[in-house]
1. Using a Förster radius of 41 Å, what is the FRET efficiency between Val243 and Ala174 based on their Cβ-Cβ separation? Nearest 0.05, please.
2. Calculate, in nm to one decimal, what Phe229 and Glu21 gain on full extension: separation in residues at 0.36 nm each, minus their alpha carbon distance.
3. Summing Lys, Arg as +1 and Asp, Glu as -1, what charge do residues with Cβ under 11 Å from the Cβ of His233 carry, His233 excluded?
4. Can you pull the one-decimal nm distance between simple spin-label points at Val110 and Lys190, each 7 Å off the Cα toward Cβ?
5. Using label points projected 7 Å from each Cα along Cα→Cβ, tell me how many nm separate Val133 and Glu202, to one decimal.
6. Run through segment 109-189 and list the GluC sites (Glu not before Pro) located in a DSSP loop whose Cβ has at most 11 other Cβ atoms within 10 Å.
7. Comparing Pro56, Pro159, Pro109, which has the greatest mean-square fluctuation in the GNM of the chain with Cα pairs linked when under 10 Å apart?
8. At 222 nm, what helix-only mean residue ellipticity would the chain give, in deg cm²/dmol to the nearest 500, using -39500 (n - 2.57) for each DSSP H run of four or more?
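The values are calculated or read from the model by the stated rules, or taken from the named source; none is laboratory data. None of the values given here were measured: they were computed from a predicted structure. Note that each Cβ is placed from the backbone with ideal geometry, even for glycine, and that neighbours are counted across all protein chains shown. Accessible surface is based on the protein model in full, side chains and every heavy atom, while ligands, DNA and RNA are left aside. Shrake-Rupley method; radii C 1.70, N 1.55, O 1.52, S 1.80 Å.
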Amino acid sequence: MRLLLFAMCWVATMRAADRPELTIPMTQASAAWPAESAWETAARIPALSPPLNAAPEGEEQTTVRLLWTRDHLFVRFTCREGTPVNLDATPTAERPLHVADCVEIFLDPVGDGRVFAELQFDSQGRSFDALHVYSAEPVANEDFTIHEDVIRRESWFFPEWTLPGMRVEARAIAPGWEVTVALPASPLLKRLGRTTFETGEELRANFLRLDYSAASGKPRITNWAPVVFGRAHRSPAGMGRLVLAGPGNP
(Lines give C-alpha, C1' and ligand atoms only; values in the text may rest on other atoms or scores of the structure.)
Protein backbone atom coordinates (compact mmCIF):
# COMPACT_ATOMS: atom_id res chain seq x y z
CA MET A 1 0.00 0.00 0.00
CA ARG A 2 2.80 2.42 0.91
CA LEU A 3 4.56 1.57 -2.34
CA LEU A 4 1.38 2.29 -4.31
CA LEU A 5 0.86 5.64 -2.58
CA PHE A 6 4.49 6.56 -3.19
CA ALA A 7 4.15 5.66 -6.87
CA MET A 8 0.98 7.75 -7.21
CA CYS A 9 2.64 10.76 -5.55
CA TRP A 10 5.75 10.34 -7.71
CA VAL A 11 3.67 10.27 -10.90
CA ALA A 12 1.71 13.36 -9.82
CA THR A 13 4.93 15.23 -9.02
CA MET A 14 6.52 14.21 -12.30
CA ARG A 15 3.46 15.33 -14.26
CA ALA A 16 3.36 18.68 -12.47
CA ALA A 17 7.06 19.21 -13.13
CA ASP A 18 6.39 18.56 -16.81
CA ARG A 19 4.29 21.74 -17.13
CA PRO A 20 5.94 24.71 -18.89
CA GLU A 21 6.86 27.92 -17.09
CA LEU A 22 7.47 31.38 -18.55
CA THR A 23 8.80 34.56 -16.92
CA ILE A 24 7.13 37.68 -18.33
CA PRO A 25 8.85 41.10 -18.31
CA MET A 26 7.04 44.23 -17.15
CA THR A 27 6.56 46.93 -19.75
CA GLN A 28 5.97 50.67 -19.08
CA ALA A 29 3.90 50.97 -15.93
CA SER A 30 1.53 53.50 -17.51
CA ALA A 31 1.00 51.63 -20.77
CA ALA A 32 -2.64 50.86 -21.59
CA TRP A 33 -1.37 49.35 -24.84
CA PRO A 34 2.29 48.44 -25.50
CA ALA A 35 4.29 50.35 -28.08
CA GLU A 36 5.23 48.18 -31.04
CA SER A 37 8.88 48.30 -29.98
CA ALA A 38 7.98 46.80 -26.57
CA TRP A 39 7.19 43.44 -28.19
CA GLU A 40 10.87 43.04 -29.03
CA THR A 41 11.58 42.43 -25.33
CA ALA A 42 8.45 40.37 -24.61
CA ALA A 43 8.54 36.83 -23.23
CA ARG A 44 8.25 34.46 -26.17
CA ILE A 45 6.77 31.03 -26.74
CA PRO A 46 8.37 30.14 -30.09
CA ALA A 47 5.98 27.30 -30.97
CA LEU A 48 3.02 25.36 -29.60
CA SER A 49 2.92 21.58 -29.20
CA PRO A 50 0.48 18.82 -30.19
CA PRO A 51 -1.96 17.41 -27.60
CA LEU A 52 -0.85 14.59 -25.31
CA ASN A 53 -2.70 12.01 -27.42
CA ALA A 54 -1.76 13.30 -30.89
CA ALA A 55 1.32 13.13 -33.08
CA PRO A 56 3.03 16.25 -34.51
CA GLU A 57 1.64 17.41 -37.88
CA GLY A 58 4.48 19.30 -39.49
CA GLU A 59 6.24 22.41 -38.28
CA GLU A 60 4.29 24.54 -35.81
CA GLN A 61 3.55 28.04 -37.10
CA THR A 62 2.34 29.88 -34.00
CA THR A 63 4.31 32.26 -31.77
CA VAL A 64 2.97 33.75 -28.53
CA ARG A 65 4.45 36.82 -26.82
CA LEU A 66 3.56 38.26 -23.42
CA LEU A 67 4.07 41.49 -21.44
CA TRP A 68 2.44 42.90 -18.35
CA THR A 69 1.79 46.04 -16.33
CA ARG A 70 0.06 46.40 -12.98
CA ASP A 71 -3.24 46.89 -14.80
CA HIS A 72 -2.99 44.50 -17.77
CA LEU A 73 -1.65 41.23 -19.11
CA PHE A 74 -0.84 41.59 -22.82
CA VAL A 75 -0.80 38.58 -25.17
CA ARG A 76 0.08 38.52 -28.87
CA PHE A 77 -0.49 35.49 -31.12
CA THR A 78 1.30 35.40 -34.48
CA CYS A 79 -0.29 32.72 -36.67
CA ARG A 80 1.56 32.03 -39.91
CA GLU A 81 0.72 29.76 -42.83
CA GLY A 82 -2.41 29.83 -44.98
CA THR A 83 -5.67 31.77 -45.11
CA PRO A 84 -7.78 31.54 -41.94
CA VAL A 85 -11.14 29.77 -42.02
CA ASN A 86 -13.47 32.27 -40.35
CA LEU A 87 -16.82 31.78 -38.64
CA ASP A 88 -19.57 33.07 -40.96
CA ALA A 89 -21.73 34.50 -38.16
CA THR A 90 -21.53 36.29 -34.83
CA PRO A 91 -20.08 33.90 -32.23
CA THR A 92 -22.58 32.52 -29.69
CA ALA A 93 -22.60 29.91 -26.93
CA GLU A 94 -24.02 27.39 -29.44
CA ARG A 95 -21.55 28.38 -32.16
CA PRO A 96 -18.39 29.79 -30.53
CA LEU A 97 -15.28 30.82 -32.40
CA HIS A 98 -13.58 27.46 -31.96
CA VAL A 99 -15.64 25.89 -34.76
CA ALA A 100 -13.36 27.88 -37.09
CA ASP A 101 -9.76 29.14 -36.98
CA CYS A 102 -9.02 30.85 -33.69
CA VAL A 103 -6.62 31.11 -30.79
CA GLU A 104 -7.55 30.57 -27.16
CA ILE A 105 -6.37 31.62 -23.71
CA PHE A 106 -7.25 29.67 -20.58
CA LEU A 107 -6.38 31.74 -17.51
CA ASP A 108 -6.60 30.86 -13.81
CA PRO A 109 -5.18 33.74 -11.70
CA VAL A 110 -5.62 31.88 -8.38
CA GLY A 111 -4.24 28.56 -9.63
CA ASP A 112 -6.59 26.14 -7.86
CA GLY A 113 -8.63 25.19 -10.93
CA ARG A 114 -11.87 26.31 -9.31
CA VAL A 115 -12.53 29.41 -11.49
CA PHE A 116 -10.88 30.09 -14.83
CA ALA A 117 -11.58 32.10 -17.97
CA GLU A 118 -11.76 30.76 -21.52
CA LEU A 119 -11.09 33.45 -24.12
CA GLN A 120 -11.26 32.87 -27.89
CA PHE A 121 -10.11 35.24 -30.66
CA ASP A 122 -10.13 35.08 -34.45
CA SER A 123 -8.36 36.84 -37.32
CA GLN A 124 -11.13 39.45 -37.55
CA GLY A 125 -10.66 40.59 -33.97
CA ARG A 126 -13.85 38.94 -32.72
CA SER A 127 -13.85 37.36 -29.28
CA PHE A 128 -15.84 34.87 -27.23
CA ASP A 129 -15.49 34.92 -23.42
CA ALA A 130 -16.70 32.30 -20.97
CA LEU A 131 -16.14 31.37 -17.33
CA HIS A 132 -15.69 27.87 -15.90
CA VAL A 133 -16.56 27.38 -12.22
CA TYR A 134 -16.25 24.28 -10.01
CA SER A 135 -18.24 24.14 -6.79
CA ALA A 136 -15.90 21.45 -5.40
CA GLU A 137 -12.23 20.61 -5.81
CA PRO A 138 -11.66 19.70 -9.49
CA VAL A 139 -9.89 16.38 -8.85
CA ALA A 140 -7.92 15.38 -11.95
CA ASN A 141 -6.84 12.17 -13.63
CA GLU A 142 -3.22 11.47 -14.49
CA ASP A 143 -3.71 13.05 -17.93
CA PHE A 144 -4.88 16.29 -16.23
CA THR A 145 -8.56 15.87 -17.19
CA ILE A 146 -11.05 16.35 -14.37
CA HIS A 147 -12.87 13.24 -13.10
CA GLU A 148 -16.14 12.73 -14.97
CA ASP A 149 -18.19 12.53 -11.76
CA VAL A 150 -16.83 15.93 -10.69
CA ILE A 151 -17.72 17.39 -14.09
CA ARG A 152 -21.22 15.93 -13.87
CA ARG A 153 -21.97 17.25 -10.38
CA GLU A 154 -19.74 20.26 -9.76
CA SER A 155 -19.04 21.93 -13.13
CA TRP A 156 -20.71 25.24 -14.04
CA PHE A 157 -20.23 26.99 -17.40
CA PHE A 158 -21.13 30.64 -17.99
CA PRO A 159 -20.90 31.53 -21.71
CA GLU A 160 -22.73 34.80 -21.06
CA TRP A 161 -19.81 36.05 -18.92
CA THR A 162 -17.61 38.71 -20.48
CA LEU A 163 -14.26 40.12 -19.38
CA PRO A 164 -14.95 43.84 -18.90
CA GLY A 165 -12.33 46.21 -20.29
CA MET A 166 -10.70 43.65 -22.58
CA ARG A 167 -9.21 45.10 -25.79
CA VAL A 168 -8.58 43.11 -28.97
CA GLU A 169 -6.78 44.09 -32.18
CA ALA A 170 -6.24 41.80 -35.17
CA ARG A 171 -4.39 42.29 -38.43
CA ALA A 172 -3.36 40.33 -41.51
CA ILE A 173 0.33 39.53 -41.94
CA ALA A 174 2.21 37.88 -44.78
CA PRO A 175 1.50 35.03 -44.50
CA GLY A 176 -1.21 34.56 -41.88
CA TRP A 177 -2.67 36.76 -39.15
CA GLU A 178 -1.94 38.25 -35.76
CA VAL A 179 -4.11 39.13 -32.78
CA THR A 180 -3.11 41.17 -29.72
CA VAL A 181 -5.20 41.34 -26.55
CA ALA A 182 -5.07 43.35 -23.33
CA LEU A 183 -6.54 41.48 -20.36
CA PRO A 184 -7.49 43.81 -17.46
CA ALA A 185 -6.22 42.79 -14.04
CA SER A 186 -9.10 43.99 -11.88
CA PRO A 187 -11.86 41.52 -12.94
CA LEU A 188 -9.38 38.65 -13.19
CA LEU A 189 -8.15 39.15 -9.61
CA LYS A 190 -11.57 39.42 -7.99
CA ARG A 191 -11.16 36.20 -5.95
CA LEU A 192 -7.87 37.51 -4.56
CA GLY A 193 -9.40 40.80 -3.44
CA ARG A 194 -6.97 42.85 -5.51
CA THR A 195 -7.24 45.03 -8.60
CA THR A 196 -3.65 45.04 -9.89
CA PHE A 197 -0.98 42.49 -10.75
CA GLU A 198 2.14 42.30 -8.57
CA THR A 199 5.79 41.55 -9.22
CA GLY A 200 6.49 37.89 -8.54
CA GLU A 201 2.86 36.88 -8.97
CA GLU A 202 2.16 33.52 -10.61
CA LEU A 203 -0.75 32.82 -12.93
CA ARG A 204 -1.81 29.48 -14.39
CA ALA A 205 -2.50 29.57 -18.14
CA ASN A 206 -2.65 27.70 -21.41
CA PHE A 207 -2.51 29.00 -24.98
CA LEU A 208 -4.04 27.17 -27.95
CA ARG A 209 -4.43 27.48 -31.69
CA LEU A 210 -7.13 25.75 -33.73
CA ASP A 211 -6.28 25.53 -37.44
CA TYR A 212 -8.98 24.28 -39.82
CA SER A 213 -6.99 24.78 -43.02
CA ALA A 214 -6.49 21.01 -43.51
CA ALA A 215 -8.67 19.40 -46.18
CA SER A 216 -10.08 16.91 -43.64
CA GLY A 217 -12.08 19.65 -41.92
CA LYS A 218 -10.82 18.42 -38.55
CA PRO A 219 -8.92 21.10 -36.62
CA ARG A 220 -5.25 20.86 -35.92
CA ILE A 221 -4.97 21.81 -32.24
CA THR A 222 -1.69 22.87 -30.68
CA ASN A 223 -1.10 24.10 -27.15
CA TRP A 224 1.58 25.53 -24.88
CA ALA A 225 0.91 23.11 -22.02
CA PRO A 226 -0.10 19.88 -23.81
CA VAL A 227 -3.35 18.30 -22.65
CA VAL A 228 -5.75 15.75 -24.17
CA PHE A 229 -7.15 16.70 -27.60
CA GLY A 230 -10.28 18.82 -27.20
CA ARG A 231 -10.13 18.76 -23.39
CA ALA A 232 -8.29 21.97 -22.53
CA HIS A 233 -11.49 23.30 -20.93
CA ARG A 234 -11.52 20.23 -18.67
CA SER A 235 -7.82 20.32 -17.75
CA PRO A 236 -7.08 23.26 -15.41
CA ALA A 237 -4.49 21.10 -13.61
CA GLY A 238 -2.55 20.88 -16.87
CA MET A 239 -2.04 24.61 -17.28
CA GLY A 240 1.46 26.06 -17.40
CA ARG A 241 2.80 28.75 -15.09
CA LEU A 242 3.36 32.45 -15.85
CA VAL A 243 5.65 34.42 -13.52
CA LEU A 244 5.43 38.22 -13.56
CA ALA A 245 8.94 39.68 -13.34
CA GLY A 246 9.76 43.19 -12.20
CA PRO A 247 11.23 45.98 -14.37
CA GLY A 248 14.67 45.14 -15.67
CA ASN A 249 14.37 41.42 -14.87
CA PRO A 250 14.73 38.89 -17.71
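1. Values: r = 34 Å, r/R0 = 0.82.
Efficiency, rounded to the nearest 0.05: 0.75.
2. Values: separation 208, 0.36 × 208 = 74.88 nm, distance 2.08 nm.
Gain on extension, Phe229 to Glu21, equals 72.8 nm.
3. Working: positive: Arg231, Arg234; negative: Glu104, Glu118.
Within the 11 Å Cβ shell, the charges total 0.
4. Placing both labels 7 Å along Cα→Cβ, they lie 1.2 nm apart.
5. Once both label points are built, they end up 2.6 nm from each other.
6. Details: sites: Glu118, Glu142, Glu148, Glu154, Glu160, Glu169, Glu178; in loops: Glu142, Glu160.
The qualifying sites are Glu142, Glu160.
7. Pro56
8. Numbers: 3 runs with 27 residues, N = 250.
After summing the helix terms and dividing by the residues of the chain, the value is -3000 deg cm²/dmol.
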